[in-house]
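First the structure, in the form of C-alpha cells, and then the observations on it.
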Amino acid sequence: MGRRAEALADRIEQGAADLAAFAEGLSDAEWRKPMSGTGKDRRSVGVIVHHVASVYPIEIDLARAIGSGKAVTDVTWDAVAEMNAKHAGDHANVTKTAALDLLRRNSHQAAVAVRAFTDAELDQAAPFSLSFAAPVTAQFVLEDHAVRHSWHHLARIRKTVGR
C-alpha cells in the first residue's frame with residue numbers, strides 16, 4: 001500500500017465518520033427536513049446521507065476505470081441527476097439506522113479498495129465525462145468524488161438544519 005493511497009483512504013473514512021457523527025445527533029424532524037439552498041435539490045437530509053453511502057461503490061469503480069487507463073465516456077451529469085432522483089424516490093423513508101449502517105459499511109469498503117491502488121494507478125489519466133472529457137487522474141476522481149462527497153453534503157446538511 002502506498003502512502004498516497006493510504007492518505008486518500010483515511011480521508012474517505014474521516015469524511016464518512018464526520019457525516020455519521022453529525023447525522024446521529026439529528027432529530028427525527030431534522031432527518032426528514034428537505035435540503036435548503038438555491039438549487040432544486042429538495043431531497044431530505046436522511047435521503048442525502050443514504051445517497052452518500054450508496055454511491056461509494058460507483059465512485060470507486062469510476063476511479064478504477066480511470067486508473068486502468070480506460071476512458072469513462074458514458075457518465076453524464078444528466079445521468080447522475082436521474083440516478084439521484086430515482087434514489088430519492090426509492091429511499092424516501094430511509095431510517096437513520098439503515099442509512100448510517102450503509103454509510104459505515106460502504107465507506108469502509110471504499111477505503112479498503114482505495115488502499116489497493118498503486119501510485120501508477122493513481123497517476124493514470126484518461127478522459128472522464130464528468131470532467132467534460134478532460135483527461136484526469138484516478139487520484140483526481142477519488143478526491144473529487146469519493147473523498148469530497150461526504151464533506152460536501154455534510155456542509156449542506158449543517159446549513160439546512162442551522163448548525
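The numbers here are math on the coordinates, done by the rules we state, and not lab data. These figures come from a predicted structure and were not determined experimentally. Quick reminder, even Gly has a Cβ in these numbers, built from the backbone with ideal geometry, and neighbours come from all protein chains shown.
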Legend entry - Net charge over other residues, Cβ less than 12 angstrom from the Cβ of Gln124 (K, R count +1; D, E count -1): -1
Legend entry - Between 0 and 90°, nearest 10: helix 148-161 axis offset from the chain longest Cα axis: 20
Legend entry - Net charge dipole size for the stretch 85-154 [Lys, Arg +1 and Asp, Glu -1 on Cβ; Debye, nearest 20]: 360
Inset, instruction - Obtain the nm distance between the two label points defined at Asn93 and Lys159 by a simple spin-label model: each point lies 7 Å from its Cα along the Cα-to-C-beta direction. - result: 3.1
Legend entry - Length released on extending from Ala7 to Trp151, taking residue separation times 0.36 nm less the Cα-Cα span: 50.3 nm
Legend entry - Normalised contact order of the stretch 49-123, rounded percent, pairs of Cα under 8 Å and 6 or more residues apart: 61
Legend entry - Dipole of the stretch 3-161 [Lys/Arg +1, Asp/Glu -1 at C-beta], most positive-end residue of Thr137, Val80, Val47: Val47
Inset, instruction - Quick one: compute the contact order of the chain, relative version, from alpha carbon pairs under 8 angstrom and 6+ residues apart, as a percent. - result: 40
Inset, instruction - Taking the Cα centre of the stretch 1-153 as origin, sum charge times position over the Cβ atoms of Lys and Arg (+1) and Asp and Glu (-1), and report the length of that vector in debye to the nearest 20. - result: 240
Legend entry - Charge dipole (debye, nearest 20) of the stretch 20-93; +1 at Cβ of Lys and Arg, -1 at Cβ of Asp and Glu: 100
Inset, instruction - Could you tell me how many degrees, from 0 to 90 and to the nearest 10, lie between the Cα long axis of helix 45-67 and the main elongation axis, the longest principal axis, of the Cα atoms of the chain? - result: 0
Legend entry - Ranked by how many other beta carbons lie within 10 Å on average, peptides 54-60, 23-29 from highest: 54-60, 23-29
Inset, instruction - Report the FRET efficiency, 1/(1 + (r/R0)^6), for Ser36 and Val75, where r is their Cβ-Cβ distance and R0 is 30 Å, rounded to 0.05. - result: 0.65
Inset, instruction - Count the lysine pairs in the stretch 3-161 whose Cα atoms sit under 23 Å apart, keeping only pairs 8 or more residues apart in sequence or on different chains. - result: 7
Inset, instruction - With unit charges on the beta carbon (Lys/Arg positive, Asp/Glu negative), name the residue among Ala110, His153, Pro57 whose Cα is farthest towards the positive pole of the charge dipole of the chain. - result: His153
Inset, instruction - Pick out, in residue order, every one of the chymotrypsin sites (Phe, Trp or Tyr not before Pro) in the stretch 121-163 that is DSSP loop and has at most 14 other C-beta atoms within 10 Å; say none if there are none. - result: Phe132
Inset, instruction - Using only Cα atoms, find the angle between the long axis of helix 3-24 and the longest principal axis of the chain, and express it within 0 to 90 degrees, rounded to the nearest 10. - result: 10
Legend entry - Compactness of the chain, expressed as Rg and Dmax over alpha-carbon positions, Å: 15.8, 47
